[in-house]
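Have a look at the structure below, then the notes.
Coordinate-derived values only; no laboratory data. Not measured: the values here are computed from a predicted model. Cβ placement follows ideal geometry from the backbone for every residue including glycine, while neighbour counts extend to all protein chains displayed.
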């Protein structure tokens, strides 16, 4: 097998330079023929034959080492390719698993979204069926006259500024009381006593003052449910 390459060592060079030109040329030709064409020359000179045998042995050793090096490089390349292929397969598997997990999460998210949306929708629908009554709404729904309703709304704003707001039960009781007072003394008397109570900074409506104005005997003094 042709060696394709040949290394000329320093010791060979010194030896070839010391030879006669004809012998040196014959040896160099023999080295090239063995290296590139894998041919061995027959030397008539036993000294040249011995020198070539020594050089040939070293050339064979170098060729064997070079072949081992090439084989090792090829093996490393194959190993690298196998690792790269495994890495690609692993990446593909991770990518597919990630896609599956994403699909599962999306499915769960859609399910939760639908569930929450339905729940919120049901809650809103239920809220629309049974709207929470506000304080103003309760006053508007009452049977009070319009002037008394407006004055009572002013009273609620006054109480809110004092941070003494009503709960629903207390407000309903107050509306009932105002309704009774309006029936007994009229809307003007109710409006006047509420104005007087606000102007004096009272915590509650002073119904006994309206009692004096109307001069009705036996009228009970009502508390305006401030603690409700």
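Below, the figures for the structure above:
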{"read-out": "Hypothetical label at residue 100: residues of region 75-91 whose amide nitrogen lies under 20 Å (7 Å Cα-Cβ projection)", "value": "86-91"}
{"read-out": "Computed E for residue 200/residue 146 - FRET, C-beta separation, R0 22 angstrom, nearest 0.05", "value": "0.30"}
{"read-out": "Shape call, region 135-214: gyration tensor on alpha carbons, a/c limit 1.5", "value": "oblate"}
